[in-house]
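Colleague: Please read through the structure below; I'll follow up with questions.
The values are calculated or read from the model by the stated rules, or taken from the named source; none is laboratory data. Please read all numbers here as calculations on a predicted model, not as lab measurements. For neighbour counting, all protein chains shown are included, and Cβ atoms are generated from backbone atoms with ideal geometry for every residue, glycine included.
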Amino acid sequence: MSRAAAAIGALREADLTVATCESLTAGLVAGELATVPGASAVLRGGLITYATQLKAVLAGVDPSLLAARGAVDPEVAEQMALGAARVCGADIGLACTGVAGPEPQDGRPVGLVYTALARGGRARAHEHRFGGDRVAIRAATVAALLERAARLR
């Protein structure tokens, strides 16, 4: 079973809906979820907030937090996940922000990624240090979020 199928299965079993807010993956997480037959029962939608200011405009991330810490930050990821759930009317929000490379961003190293899951108005971020090139870092980020969603059972 694919990671996406496992995530959709866990969400269906728990009778939960999901939405995403994606930066470095630019919609890949929602896209992977949508490949699973029956995804429409749980996938509400997603926000692509590749540009920093869209994290505030679309997901409601605190602009002063973005100004102080930049986009690659655990609290930013948490606010993105909460925003995805709120804006899309979902039970679960999944979010990711990080540096896919090839160059560091705002003093953050390539491969530093924060993923977050929000549920019931609370969110929790995880820090990752992924290796490889841009494609590998983005793929690892998608896998990490799908695995978190699959563990909702």
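Conditions tested, residue by residue: (1) basic (Lys, Arg); (2) in a helix (DSSP H, G or I).
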position	(1), (2)
110	no, no
113	no, no
116	no, no
124	yes, no
135	no, yes
140	no, yes
146	no, yes
149	no, yes
152	no, no
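Colleague: Quick one: is residue 56 within 22 Å of residue 136 (Cβ to Cβ) and surrounded by 18 or more Cβ atoms within 10 Å (Cβ to Cβ)?
Modeller: no
Colleague: Would you check if there is a residue in the range 51-65 being at pLDDT 95 or above, within 17 Å of residue 8 (Cα to Cα) and of a type in the set (D, E, K, R)?
Modeller: No; the residues of the range 51-65 include none that is at pLDDT 95 or above, within 17 Å of residue 8 (Cα to Cα) and of a type in the set (D, E, K, R).
Colleague: Can you pull out every residue in the range 91-142 that is among the acidic types (Asp, Glu) and within 20 Å of residue 75 (Cβ to Cβ)?
Modeller: Result: 106, 127.
Colleague: Check every one of the strands (runs of 3 or more DSSP E) wholly within the range 1-107 and list those with 3 or more residues that are within 11 Å of the chain's Cα centre (by Cα), closer than 14 Å to residue 117 by Cα and basic (Lys, Arg).
Modeller: none
Colleague: Still on this structure, please answer the following. When you go through 140, 116, 149 one by one, which is the residue that is within 22 Å of residue 9 (Cβ to Cβ) and either in contact with a Cys (Cβ under 9 Å, 6 or more places away or on another chain) or of a type in the set (Val, Ile, Thr) (or both)?
Modeller: 116
Colleague: What is the residue count in the range 39-75 for residues that are over 17 Å from residue 26 (Cα atoms) and basic (Lys, Arg)?
Modeller: 1
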